[in-house]
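Before any comments, here is the structure.
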Amino acid sequence: MDNATLKYNFGRRILLILFILSNYYSFGQSLEIRNTSGTAIDTINVCGNVSFDLVSSIAGTTSDPLLWSASLESGIGSLSINSTSATQPTFTPNTTSLGFFKVTLTQGTGSSVTAYVAVGIPPTIPSTIPSQICENNGPLLLGTTTSTQSYSTSSGVLSLQGASAYLNPNGLTNGTSITITLTETYTLLNSTYNFDCSSSTAVTVNKPSDPSISV
């Protein structure tokens with residue numbers, strides 16, 4: 001076999017490999033909705049009306065374009081899409097409480113897949129919580145807890161008296177920063193699915209200096 005024949009056969013093999021790879025990557029993948037890390041998703045949680053991206057596992061073509069749509073399943077609000085034909089569109093929720101949305105991705109007239117987006121609003125930290133707290137002034141009232149809201153602190157003693165949450169900084173050193181977190185637990189209507197949204201603030205412990213006596 002001469003060199004020309006060898007080169008011809010080698011070229012045909014390369015073309016065949018490229019064709020197989022092309023078909024694998026074009027048609028071997030199933031249509032999926034993924035996050036920006038490339039992981040296929042079923043349901044995601046979003047806290048606040050912040051924009052996020054979703055990604056199609058397959059790029060659209062002229063003959064088989066992508067089509068994204070979003071609809072409200074329960075709760076209140078809307079979910080807008082910046083481009084309904086992009087491989088990676090940006091979604092922006094708009095709700096004042098809890099919105100549960102269904103996102104549908106269709107390629108051409110073929111397969112269709114769905115994913116769900118649960119959007120909750122982080123709770124509001126009470127404005128009565130000061131930026132500084134005296135170490136020996138006793139417990140500080142943080143606010144009122146509910147069946148869906150609870151407090152946690154990074155240090156100090158957190159206690160409940162009825163529905164009221166208190167923070168006692170006794171024993172902490174001067175300048176200690178305490179992170180106070182208020183968490184809202186959302187539960188989807190007619191479902192056991194729930195997720196948390198939180199807000200935090202910081203207070204600094206102010207410990208008076210011990211008095212000195214001169215004789």
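Testing Ser30 on (1) within 24 Å of Glu184 (Cβ to Cβ); (2) part of a loop (DSSP other than H, G, I, E, B), one condition comes back false. Which one is that?
Result: Ser30 fails condition (1) only.
State the number of residues belonging to the stretch 39-58 that are open to solvent by 60 Å² or more (accessible area, probe 1.4 Å) and in contact (Cβ under 8 Å) with a residue 12 or more places away in the chain.
Residues that pass the stated criteria total 5.
For the condition open to solvent by less than 40 Å² (accessible area, probe 1.4 Å), touching a residue at least 12 places away in the same chain (Cβ under 8 Å) and closer than 30 Å to Thr183 by Cβ, what is the one hit in Leu98, Leu72?
Result of the check over Leu98, Leu72: Leu98.
Considering Ala4, Ala70, which residue is at pLDDT 95 or above, among the hydrophobic types (A, V, I, L, M, F, W, C) and either part of a helix (DSSP H, G or I) or under 25 Å from the mean Cα position of the chain (by Cα) (or both)? Even if it seems obvious, please write down each step before you answer.
Details: Ala4 fails: at pLDDT 95 or above.
Going through Ala4, Ala70 in turn, just one is at pLDDT 95 or above, among the hydrophobic types (A, V, I, L, M, F, W, C) and either part of a helix (DSSP H, G or I) or under 25 Å from the mean Cα position of the chain (by Cα) (or both): Ala70.
Filter the stretch 134-143 for residues that are among the hydrophobic types (A, V, I, L, M, F, W, C), surrounded by 18 or more Cβ atoms within 10 Å (Cβ to Cβ) and modelled with pLDDT under 95 and give the result.
Of everything in the stretch 134-143, nothing turns out to be among the hydrophobic types (A, V, I, L, M, F, W, C), surrounded by 18 or more Cβ atoms within 10 Å (Cβ to Cβ) and modelled with pLDDT under 95.
Please go through the stretch 49-67 and give me each residue that is under 18 Å from the mean Cα position of the chain (by Cα) and not in a loop (DSSP other than H, G, I, E, B), ordered by number.
Phe52, Asp53, Val55
Suppose we keep only residues that are closer than 30 Å to Thr144 by Cβ and part of a loop (DSSP other than H, G, I, E, B) within the stretch 101-125. Which one would you say is most open to solvent (accessible area, probe 1.4 Å)?
So the residue we want is Thr124.
Considering each residue of the stretch 149-174, count those that are under 19 Å from Ser200 (Cβ atoms), in a loop (DSSP other than H, G, I, E, B) and of a type in the set (Gly, Ala, Ser), and give that number.
Going through the stretch 149-174 one residue at a time, the tally reaches 3.
For Ile178, all conditions in the list (1) part of a loop (DSSP other than H, G, I, E, B); (2) surrounded by 12 or more Cβ atoms within 10 Å (Cβ to Cβ) hold save one; what is the number of the exception?
Failing condition for Ile178: (1).
Which one of the conditions (1) part of a strand (DSSP E or B); (2) among the β-branched types (Val, Ile, Thr); (3) open to solvent by 60 Å² or more (accessible area, probe 1.4 Å) does Thr128 fail to meet, given that it meets all the rest?
Here Thr128 meets the rest and fails (1).
Can you pull out every residue in the stretch 148-166 that is surrounded by fewer than 17 Cβ atoms within 10 Å (Cβ to Cβ) and β-branched (Val, Ile, Thr)?
Correct list: Thr148, Val157.
The values are calculated or read from the model by the stated rules, or taken from the named source; none is laboratory data. Just so you know, these numbers come straight off a predicted model, no measurement behind them. When we count neighbours, we look across all protein chains shown, and the Cβ atoms used for this are built from the backbone with ideal geometry, even at glycine. The area values use the complete protein model at the heavy-atom level, side chains included, leaving out ligands, DNA and RNA. Shrake-Rupley method; radii C 1.70, N 1.55, O 1.52, S 1.80 Å.
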